[in-house]
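Readers should treat all values here as calculations from the given coordinates under stated rules, not as data from a laboratory. Quick caveat, the model's predicted, so the values are computed rather than measured. Reconstructed Cβ throughout: ideal geometry from the backbone, glycine too, with neighbour counts over all protein chains shown.
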Amino acid sequence: MSEASGGFDRDVEDFARGARAIVVLPDQGGATRDAEARLEETAGLALAIGVEVCRKVAFRVRAAKPATLIGSGQMEQLAEFVKEEGIGLAVFDASLTPVQQRNLETGLGCKVIDRTGLILEIFGERARTAEGRLQVELAHLDYQAGRLVRSWTHLERQRGGFGFLGGPGETQIEADRRLIRDRMARLRRELDGVTRTRGLHRDRRQRAPWPVIALVGYTNAGKSTLFNRLTGADVMAENLLFATLDPTLRQISLPGIDKAILSDTVGFVSDLPTQLVAAFKATLEEVISADLLIHVRDVAHPDSAAQRADVEAVLAEIGVGEGTPRLEAWNKLDLLAGDLRLDLVADAQRREDVVVISALTGEGVDTLIETVAARLTAGHQRYAIALDAGDGAGAAWLHAHGEVLEQAVDGERTHYQVRLAPADYERFMTRAG
């Protein structure tokens, strides 16, 4: 089995770590954000795998070249940069075919990685749980399967064989592809088991029933910082793209709701590789089944509107419909000042689905909590319930699952006016017989 079939393409990561890199944007037009913002984002992704970005270059590509994507003159200019500055890695903010990647490496004299490969490398490094590693490896193998021709020219040799390990005349590259397919099939079976387990957990929560709130948003929008503030957890929260990869769930209390489940999910990004969307479907099902989505947006970012569109596109791709209740938390208010800040706050106050916050300082978070609670209890109704004065368990249940509006003692009976979800009222009445 060759190096190409052993799971992750460590060949790229090992070479890239600590290397001097150039970020290249082949601008083919039609993008929703300007070239400078796209270069900055890709440079941030490159920094996330530990490379030193020493130059960023944008080229206008009028007609993509099948062999190299960019033109020969642009190739020569990049080759000069690579030679003069000792660059070891070229990061292309584009999707490269295996042929283009191989030809660019030959022409530039350095390692080349495209946007998909770059994001996969980050995910490979950040996955911590067994499930996350399975998902990332599956995505890596899917990406890798079509690229065995890129750097492993030794695989073209013929190999003999016996049994199931390779018949006569099977080339090494064919054997590697077969081994990759077999490994992918095993990973999919394991992830199917993960999906079934998650489904059982969701069914158990729904029977409880506890509302599930999912934080979604563009990478580095501040989801984990908000998650930590709401739950008191210590999920990794840094000014770093894809700081969170593995999903985290915590129990929280809200006004009128004793228990809710808050989920912190992986951040989205423009042009998220389809391999990752498919591999992380089991994880993202937490988002699909949520009772409420909080879309955390970095409103201090110049491309905030485009990032919102990217997140909505991924949500649609994984099956989250328009009917799923959602709020927008306009985050990083602490980075805004003057008229820009005032205009943003005024705009948010005119909308019922927006709360302006700073997850870092806590500003506006109490308002967000109240708004979330109001959304989740919008269908609750007022009920009159009388209990024996000694029924402490019943009284505790009412306080835990609803909002006690009034309480009065009349002899041996205590009368409550309680706001409850109809389902909770039915549960209580069943309990009380």
Taking every pair of alpha-carbon atoms in region 348-423, give the share separated by more than 14 Å as a whole percent. 68
Tell me, how many Å apart are the Cα centres for region 106-129 and for region 373-387? 51
Compute the signed sum of charges (Lys and Arg +1, Asp and Glu -1) over the other residues within less than 13 Å, Cβ to Cβ, of residue 344. -2
Residue separation between residue 251 and residue 186 times 0.36 nm, minus their alpha-carbon distance, gives in nm 20.1 nm
If amide hydrogens are placed 1.01 Å from N in the peptide plane, which non-local residues have theirs closer than 5 Å to the one on residue 59? 25, 27
With +1 on each Lys and Arg Cβ and -1 on each Asp and Glu Cβ, and nothing else charged, work out how big the dipole of region 381-432 is about its Cα centre, in Debye to the nearest 20. 160
If each of residue 130 and residue 410 carries a label point 7 Å out from its Cα toward its Cβ, how far apart are those two points in nm? 5.8
Output ³J(HN,Hα) for region 33-48: one whole-Hz value per residue in order, computed from phi by the Karplus curve 6.51 cos²θ - 1.76 cosθ + 1.60 with θ = phi - 60°, and x for Gly and Pro. 9, 6, 4, 5, 5, 5, 4, 4, 5, 5, 4, x, 5, 5, 4, 5
Full-extension gain between residue 288 and residue 340, please, as 0.36 nm times their residue separation minus the C-alpha to C-alpha distance. 15.3 nm
Formal net charge of residues neighbouring residue 85 (Cβ-Cβ distance under 11 Å; K, R +1; D, E -1): 0
Listed by chain and number, the residues whose amide H is under 5 Å from that of residue 356, excluding neighbours fewer than 5 places away on the same chain and using placed H, are 330
Amide H contacts of residue 268 (H built 1.01 Å from N, under 5 Å, at least 5 apart or other chain): 217, 218, 219
Straight-line reach from residue 65: which lysines have a Cα under 27 Å away, not including same-chain ones fewer than 8 places off? 56, 83, 111
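Of 340, 254, how do they rank once you tally other Cβ atoms within 10 Å and put the fewest first?
In increasing order of surrounding Cβ atoms, one gets 340, 254.
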Per 0.36 nm of contour for each residue apart, how much would the distance between residue 64 and residue 85 grow if the chain were fully extended, relative to their Cα-Cα spacing? 4.9 nm
